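The values are calculated or read from the model by the stated rules, or taken from the named source; none is laboratory data. A quick note: this is a predicted structure, and the numbers were derived from the prediction, not measured. Glycine gets a Cβ as well: all are built from the backbone with ideal geometry, and neighbour counts include every protein chain shown. Ligands, DNA and RNA are excluded from the accessible area calculation, which covers all protein heavy atoms including side chains. Shrake-Rupley method; radii C 1.70, N 1.55, O 1.52, S 1.80 Å.
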Amino acid sequence: MSAPPETVELLDDAAVADPYPLLAHWREHDPVRWSERYRSWFVTRYADVDAALRDPRFSSDRISPYRRARGRAPGDPRVEAAFAVLEDWMVFQDPPRHGRLRRLLGRAFTPRAVQRLRPRIAELTDRLLDDVAAAGSADLIADLAYPLTASVVAELLGVPADDLDRFKSWSDRITGLVFGGLGDPDRHTDGAEGMSELTGYLAGLIGQDRTEPASGLLGALLRARDGDDTLTHDEVVATGVLLLFAGHETTTNLIGNGVLALIRHPGQAPDAPGTVEEVLRFDGPAKTIARLMISDVELGGRTLRRGDRVFLCPAAANRDPEVFPDPDRFDVTRNPGRQLGFGLGLHYCLGAPLARLEASIAIPAVFDRLGSPVVDGPLRWQPVLLSRGLDRLPVRFTPA
């Protein structure tokens with residue numbers, strides 16, 4: 001890097017393209033680091049990230065305090081409505097409400113249901129690769145990773161496949177609202193408009209489902225029960241938004257990052273049992289995980305105060321040499337140990353089995369169908385704090 005590490009932040013151009021040298025510097029020299037630019041702590045050592053993910057004082061409920069603060073000076077009602085939807089997302093809840101939402105969702109989103117999707121995921125993957133195989137070039141985000149993952153989650157929810165392009169537009173606009181493109185002053189307004197359109201669309205589907213029950217997950221959410229407990233209308237809408245957004249965003253990034261890692265490291269086996277786990281460790285879709293302190297905590301010689309925002313960094317922890325030997329080497333045969341690519345503890349990603357299944361099918365299929373693809377053009381990484389993913393992955397190839 002041309003600038004001294006102390007002046008570089010994660011959304012600077014060089015760090016967006018490759019955050020790992022910067023994260024390694026922080027992990028070695030300032031593992032619990034205060035960023036004046038973002039008014040937040042960044043935690044980078046594996047032991048500290050692991051401990052914080054298990055510690056209830058690092059709260060996931062960061063939307064409610066934000067809404068209360070905004071309530072003292074209310075702004076655009078569309079933005080307020082968007083944050084009301086986010087407040088109902090399971091990932092932004094602490095116990096006991098988090099457990100309640102997870103139990104109700106878990107009854108409709110089981111590992112057995114995920115495994116039943118294997119033939120359909122393989123079919124969709126083959127069909128998408130059929131469309132590009134003869135061309136000799138493709139954008140593997142737009143032509144494979146996004147339409148595959150969006151199609152799977154749309155079918156799970158019972159959403160018409162013809163509306164996938166609309167979901168892409170809505171999702172792109174919501175990204176800045178959720179994933180923290182802190183350099184974009186318009187992200188709240190634009191994200192709120194996308195959220196309004198998506199919630200309106202889902203509310204329409206739910207209205208249909210109440211009179212004509214659907215077989216998809218959206219219908220199952222309407223009927224989900226835990227004793228006398230059910231999801232409210234607003235919770236079903238919010239959960240539908242969460243699943244449509246998170247259900248493809250993370251897996252799209254996992255597939256894109258995995259294909260790129262294998263292109264850059266020829267000789268590794270795309271279909272090895274450990275390939276997906278090594279991608280999650282080496283260059284996974286979770287760059288950071290945001291938390292809010294609900295009490296003072298001593299960590300790494302620093303005092304994190306109640307009300308402080310903290311970014312836990314799985315991307316740094318997963319390359320900690322104290323845990324992973326030779327951590328900057330991509331090796332699908334390694335034992336990935338306890339990589340943190342899907343989080344840990346109460347908030348371990350509920351969709352992890354589906355993401356693993358989709359990636360384990362799609363990544364090997366790329367190399368089976370397209371031979372040995374090479375990158376064909378500049379890469380464009382998403383300039384956000386929480387996630388690590390490509391906007392485009394242009395490749396050229398001679399089909400196998």
Residue that is nearest to Phe311 (Cα to Cα) [pool: residues in the stretch 25-53 that are modelled with pLDDT of 95 or more and charged (D, E, K, R)]: Arg33
Which residues, counting only those in the stretch 30-49, are out of contact with any Leu (no Cβ under 7 Å at 6 or more places or on another chain) and either touching a residue at least 24 places away in the same chain (Cβ under 8 Å) or open to solvent by less than 50 Å² (accessible area, probe 1.4 Å) (or both)? Asp30, Pro31, Arg33, Trp34, Ser35, Arg37, Arg39, Ser40, Phe42, Arg45, Tyr46, Ala47
Which of the residues belonging to the stretch 342-353 are assigned to a loop (DSSP other than H, G, I, E, B) and either open to solvent by 40 Å² or more (accessible area, probe 1.4 Å) or closer than 15 Å to Leu242 by Cα (or both)? Tyr348, Cys349, Leu350, Gly351
For the stretch 8-29, give me each residue that is open to solvent by 40 Å² or more (accessible area, probe 1.4 Å) and part of a helix (DSSP H, G or I). Asp13, Ala14, Ala17, Pro21, His25, Glu28, His29
Segments classed as helices (runs of 4 or more DSSP H), wholly inside the stretch 80-136, with at least 1 members that are among the acidic types (Asp, Glu): 118-133
Which residue out of Leu350, Leu354, Leu386 is on the phi < 0 side of the Ramachandran plot and touching a strand residue (DSSP E or B) at 6+ places or on another chain (Cβ under 7 Å)? Leu386
Go through (1) in a loop (DSSP other than H, G, I, E, B); (2) open to solvent by 60 Å² or more (accessible area, probe 1.4 Å); (3) under 30 Å from Ala135 (Cβ atoms) for Arg356 and report which single condition fails. (1)
Matching option when the condition is over 27 Å from Leu205 (Cα atoms) and surrounded by fewer than 20 Cβ atoms within 10 Å (Cβ to Cβ), among Asp130, Asp162: Asp130
